[in-house]
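Coordinate-derived values only; no laboratory data. Bear in mind the structure is a predicted one, so any value in this text is a computation, not a measurement. Using ideal geometry, Cβ is built from the backbone for each residue, glycine included, and neighbour counts are taken over all protein chains shown.
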């Protein structure tokens, strides 16, 4: 399967699931309309969903992954970092769920900084609670995120002890593993990606919010096992985001593996078609996919 470019055509998945069956939390009435389906780069999302790609029964490992595409918290690169990735995981026996999440916006939500996290937590909750229906092991539900989607994936992997959604069943919101691809990790000025920072927190956030969403500061001993990959020459999201996160994880004795390419810049998955092979090797070693 090629990850070399965007394909303009949407591919039909097995199922598209509304993330919320009742009222969408932290939302308000607006005239905002979703757009971008023709290009696979979405904006104006007000009704978040999961798009399910089911692995073949003879390959299914019981593992599931929630896929969080990037786009600087301004768009969602749904085709290139969603559909292409879901197909690759399903081919390896992993049930793949692409998260179409609400982008932070004062027009559609009272508190924009927690909107994406609510959708990511709800995705983990929904997949875990529906595990039996989809033939998934509820203890093998992970997350993968790209760029700003990597920030959201690392947020859900470090903020799981506080539910930002209704969770009366006390379902675990902790991903069992996190895979972060050229991720934005920090909201601190020295590290962050400016567009992601401003879109999520605004141009002049409080020091408290900056630290809360700087996920390198939120690592604990119970942070999920982690796979990081980045290009050293990334000019959009500095590789130090991954390096600092790796160091914080290592010092907390969290299992972490990191692959840094010398060249490839941001979005290197479209130029390095074999980039998933070491990722799949890591997943095999951890019994998340079959030999």
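List of remarks:
- Relative exposure of 127, 256, 94, judged by other C-beta atoms within 10 Å (fewest first): 256, 127, 94
- The listed peptides 41-50, 60-69, 281-290, 153-162, ordered by packing as a protection proxy, come out as 60-69, 153-162, 41-50, 281-290 (highest mean of other Cβ atoms within 10 Å first).
- Values of log10 I(q)/I(0), in the order q = 0.14, 0.15 Å⁻¹, for the chain under a Debye, Cα-only, solvent-free model: -0.98, -1.15
- In the distance distribution for the stretch 47-216, Cα-Cα pairs more than 25 Å apart total 27 percent.
- Cα→Cβ-extended label distance, 7 Å offset, between residue 290 and residue 247, nm: 4.3 nm
- Among 214, 18, a tally of other beta-carbon atoms within 10 Å of each Cβ gives an order, fewest to most, of 18, 214.
- Antiparallel DSSP beta bridges within the chain, percent to nearest 5: 35 percent
- GNM remark for the chain: springs join alpha carbons under 10 Å apart, and the peak mean-square fluctuation among 178, 79, 252 falls on 252.
- In nm, spacing of pseudo-spin labels at residue 111 and residue 220 (7 Å Cα→C-beta vector): 1.8 nm
- Equivalent ellipsoid of the stretch 96-139: semi-axes from √(5λ) of the C-alpha gyration tensor, largest first, are 27, 9, 7 Å.
- In range of the label at residue 56: residues from the stretch 275-289 whose backbone nitrogen is under 17 Å from the point 7 Å along Cα→Cβ: 289
- Approximate shape of the stretch 147-291 as ellipsoid semi-axes (Cα gyration tensor, √5λ), whole Å, largest first: 23, 22, 13
- Residue-span extension gain [residue 211 to residue 188] - 0.36 nm each, minus C-alpha spacing: 7.5 nm
- Residues listed by number, the stretch 87-103, amide nitrogen under 18 Å from residue 39 label point at 7 Å toward C-beta: 101, 103
- Interatomic Cα distance distribution for the stretch 1-136, bins of 5 angstrom, percent: 2, 11, 20, 23, 19, 14, 8, 3, 1, 0
- Ordered by the count of other Cβ atoms within 10 Å of each Cβ, fewest first, 186, 130 give 130, 186.
- By the equivalent-ellipsoid construction on the alpha carbon gyration tensor, the stretch 111-188 comes out with semi-axes of 21, 15, 9 Å, ordered largest to smallest.
- Pairwise centroid distance, computed over Cα atoms, of the stretch 37-93 with the stretch 221-291, Å: 19 Å
- Mean ellipticity per residue at 222 nm, deg cm²/dmol - from DSSP H runs of n ≥ 4 across the chain, formula -39500 (n - 2.57): -7500 deg cm²/dmol
- Percent of Cα-Cα distances greater than 12 Å, calculated over the stretch 231-291: 72 percent
- Take the Kirkwood radius over Cα pairs of the stretch 24-103, plug it into Stokes-Einstein at 25 °C and 0.890 mPa s, and you get 184 µm²/s for translational diffusion.
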